[in-house]
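S.K.: Quick one: structure below, then a few questions.
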Amino acid sequence: MGGNTGSRFSDDVVIEASGLKRTFGEVVAVEGIDLAVTRGEVFGFLGPNGAGKSTTVRMLTTLLRPTGGTARIDGHDVQKSASAVRRIIGVALQDASIDPLMTGTELMRLQAVLHGISRSESRNRGSELLARVGLAGAAGRRVATYSGGMRRRLDLALSLVHEPSILFLDEPSAGLDPTSRVALWEEVRRLNSELGTTVFLTTQYLEEADELAGRIAIIDHGRLVREGSPADLKSTVGSPTLRVDVDPVFLESARHVLIGFGPERPAREGRCAIGLDGGAGRVAEVVRALDDAGVTVSHLELDLPSLDDVFADATGRRLEGAEK
Amino acid sequence: MTCLPTQPAAASRGPKSESTTVNAGAATGLRLAGVQTLALTRRSVVSEWRQLGNVIPGIVFPLLLAAVYTHQFTRVILLPGFPVVDSFLDFVLPASLVQSVSFGATEAGTELARDIENGFFDRLRASPCMRLPLLLGRLGGAVVVATAKGVLIIAIFLLFGTKIAGGLAAAVVLVAAAVLLVIAIGGLGQVLAILTGSQEAVNATFPLVFTSIFMSSAFFPTNLMSGWFREVAEANPVTWIIDPVRRLILEGWSWSDVGQALAVPLVISVVTVAMAVIALNRKLSSS
């Protein structure tokens, strides 16, 4: 699934943007973005606040007119065939846009009717979805009494009422506590793996992008700065850091062995560190070489590059709101 | 990184999704618009019901005013030129009715502004909901509430001895005229909601609506007014609605009065709702 970028113009590309641009007066919010998301993918759109994530989602979901470029959802142009696009997408926007005076059940029915689903079917589907997101008990309560996490889950259920094949989630877990966040991730994974739903999610949380997305695009100041699977992106940052603790008497011989596997990196006293060329797969080789040299290792750790390193490498800054 | 398996069940979901699309496709545009309008109307009625506190002053205040005026104006009705009535209560019924429905007439606008402010409008827009039902659904709620208020106000007046010379049919025209007036004011509120996206901006029009009732023939016949006030009252569309409605109550059924009572608010409604549609189309095509 991840890294399937070769099929940009194949039939399997369901979200496609070419030179997508949006300006607000003088301000350029999104500057010529190219995207290709294939069917069944979970695509993460990662960037700090104000990077242009929501603006891009609003253009892809027909809510905002692009000032340049084109976007197609499952072959339908977002401007020329907006209503066709709206029928096949599910949208859960940032700032859970839910009427607080209505109950969960009422909102589910309303959303279903707007999608042309019959009343009897909407009743079944509504209660089924509410149960799935764990809101069966709160279905008859007004949304005003829901917690932030419950609103997010209702938001997700609402966006699924017409069984969309493509789901847009704008900052799905913003403001959620860790437990609710993990529950939401589980549901997104389930939708993707069981129903094959293509998911386009924006996030400013590195962990979320890392956990959920098969492929990630990093956006900063309205431009895409990196794109690829999390593993590929991390590997572009450089080799992981291998740290080895040894008895001081072995330090020199350990260093001698280790520099054969990559450039030496700064380390505290009594420890030897290198950038391990070839990545984690070579750890066993290193251990064997140390053993052959008669070095006794007391501790060994390998730090993989994080998405934050990727972001820093691409932009020169650390990502705001980074949790990891 | 979790590597997610891809769509094993995607194919099995096909038929269900297809039936949904067929349902939507089979319904004609008009039918779908009707269904969507009804669903959104139901929603706005439910919202109104759950904010009943907002509706009650619009019933109590006009009734209170009618009671006070009826008590105070026992001799006013004897003035030469004043319509022949048994009690001021008979005279003031159209005023109370219009006043009652004008409370909350801007609701269709403020509620729309609320939807825009809290982002619910975007949720509706991202669904296949057509544009007209977005507006009509909110007006629908106001219409249902205005009808209920109209029936209630008339019932209370009848209870206190008012007689409607034009009969039941005239009472229906009364409610219909009041409802059309609500659509007219609501349409204007929606224009403001779309242009500003702010509940406060829409609410700010209420004093204007309220004042325009006092500056009409609602509580006093224009033929007994004088000076600029009379000119303003005679040029006020509220007077054009209240006068024929009042004749239906006091004098009896007349097709020309029915025509005027309904045509005036109808024309204004068509204009303001059309303005709201244009404003919405402009906003959506420029955003």
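Readers should treat all values here as calculations from the given coordinates under stated rules, not as data from a laboratory. Everything numeric here is computed off the predicted structure, so don't read it as measured data. Glycine also receives a Cβ, built like all others from the backbone with ideal geometry; neighbour counts cover every protein chain displayed.
S.K.: What is the mean number of Cβ atoms from other protein chains located within 10 Å of the Cβ atom of each residue in peptide A:192-198, rounded to a whole number?
M.R.: 6
S.K.: Please compute the contact order of chain B in relative form: average sequence separation of alpha-carbon pairs under 8 Å and at least six residues apart, divided by the residue count, as a percent.
M.R.: 23 percent
S.K.: Follow-up question, since we're still on this one. Please get the size of the charge dipole for region A:239-304, origin at its Cα centre, with Cβ charges of +1 on Lys and Arg and -1 on Asp and Glu, quoted in debye to the nearest 20.
M.R.: The dipole magnitude comes to about 120 debye.
S.K.: Quick check on the exposure proxy: order B:ILE194, A:ILE259 from fewest to most C-beta atoms within 10 angstrom.
M.R.: A:ILE259, B:ILE194
S.K.: Here is a further query. Add +1 for every Lys or Arg and -1 for every Asp or Glu among the other residues with Cβ under 11 Å from the Cβ of B:GLY186, and state the total.
M.R.: Surrounding charge for B:GLY186 is -1.
S.K.: While we're here: Any chance you could tell me what percent of the C-alpha pair distances in the protein assembly as shown go past 43 Å?
M.R.: Roughly 40 percent, once rounded to a whole number.
S.K.: Can you give the net charge of the other residues whose Cβ lies under 12 Å from the Cβ of A:THR23, counting K and R as +1 and D and E as -1?
M.R.: +1
S.K.: With a sphere of radius 13 Å drawn around the Cβ of B:ILE154, what net charge do the other residues whose Cβ falls strictly inside it have (Lys, Arg +1; Asp, Glu -1)?
M.R.: +1
S.K.: Using the Karplus curve 6.51 cos²θ - 1.76 cosθ + 1.60 with θ = phi - 60°, what ³J(HN,Hα) values do you get for each residue of region B:58-65, in whole Hz, with x for Gly and Pro?
M.R.: With the stated coefficients, region B:58-65 comes to x, 9, 5, 4, x, 5, 4, 4 Hz.
S.K.: Could you give me the ³J(HN,Hα) list for region A:44-56, computed from phi with Karplus coefficients 6.51, -1.76, 1.60 and θ = phi - 60°, whole Hz, x at Gly and Pro?
M.R.: Result, rounded to whole Hz: x, 10, 9, x, x, 4, x, 6, x, 5, 5, 4, 5.
S.K.: State, as an integer percentage, the relative contact order of chain A based on alpha-carbon contacts under 8 Å between residues 6 or more apart.
M.R.: Once divided by the residue count of chain A, the mean separation gives 19 percent.
S.K.: Here's a follow-up. For chain A, would you read off the P(r) tail past 33 Å as a percentage of all alpha carbon pairs?
M.R.: Of the Cα pairs, 37 percent sit more than 33 Å apart.
S.K.: Hey, another quick one. What ³J(HN,Hα) values, in whole Hz, does the Karplus curve 6.51 cos²θ - 1.76 cosθ + 1.60 give for region A:275-281 when θ = phi - 60°, with x put for Gly and Pro?
M.R.: My calculation for region A:275-281 gives x, 7, 5, x, x, 4, x Hz in order.
S.K.: Among A:GLY196, A:LEU129, A:LEU258, flag the residue with its Cα farthest along the positive direction of the charge dipole of chain A, charges on Cβ as +1 for Lys/Arg and -1 for Asp/Glu.
M.R.: Result: A:LEU129, furthest along the dipole toward the positive end.
S.K.: In addition: Rank A:THR38, A:HIS299, A:SER235 by how far each Cα sits towards the positive end of the charge dipole of the protein assembly as shown (+1 on Lys, Arg Cβ; -1 on Asp, Glu Cβ) and give me just the farthest.
M.R.: The Cα lying farthest towards the positive end belongs to A:THR38.
S.K.: Then there is this: Neighbouring Cβ atoms within 10 Å as the yardstick, rank A:LYS80, A:LYS234, B:LYS163 fewest first.
M.R.: Ordered by Cβ neighbours within 10 Å, fewest first: A:LYS80, B:LYS163, A:LYS234.
S.K.: So, one more: Roughly how big is region A:13-228's charge dipole about its Cα centre, with Cβ charges of +1 (Lys, Arg) and -1 (Asp, Glu), in debye to the nearest 20?
M.R.: So the dipole magnitude of region A:13-228 works out to roughly 660 debye.
S.K.: Averaged over A:81-90, how many beta carbons belonging to a partner chain fall within 10 Å of each residue's beta carbon?
M.R.: 3
S.K.: Here is a follow-up. Select from region B:73-156 those trypsin sites (Lys or Arg not before Pro) which occupy a DSSP coil region and have at most 14 other Cβ atoms within 10 Å, ordered by residue number.
M.R.: B:ARG75
S.K.: Run through region B:222-287 and list the GluC sites (Glu not before Pro) located in a DSSP loop whose Cβ has at most 16 other Cβ atoms within 10 Å.
M.R.: When the GluC sites (Glu not before Pro) of region B:222-287 are filtered for loop state and at most 16 Cβ neighbours within 10 Å, B:GLU251 remain.
S.K.: Just to be sure I follow the rule: in the protein assembly as shown, considering lysines 8 or more places apart or on different chains, how many pairs have Cα atoms under 20 Å apart?
M.R.: 6
S.K.: Quick one: order A:ILE166, A:ILE218 by neighbouring beta-carbon count within 10 Å, fewest to most.
M.R.: Taking fewest neighbouring Cβ atoms as first place, the list is A:ILE166, A:ILE218.
S.K.: Peptide B:125-134: average number of partner chain Cβ atoms within 10 Å per residue?
M.R.: Counting Cβ atoms of other protein chains within 10 Å of each residue's Cβ and averaging gives 6.
S.K.: Next question, about the same structure. List the residues, sorted by chain then number, that are 5 or more residues from A:ILE216 or on another chain and whose placed amide H is less than 5 Å from its amide H.
M.R.: A:GLY44, A:GLY228, A:SER229
S.K.: Under unit Cβ charges (Lys, Arg +1; Asp, Glu -1), what dipole magnitude, rounded to 20 debye, does region B:31-286 have relative to its Cα centre?
M.R.: About 680 debye.
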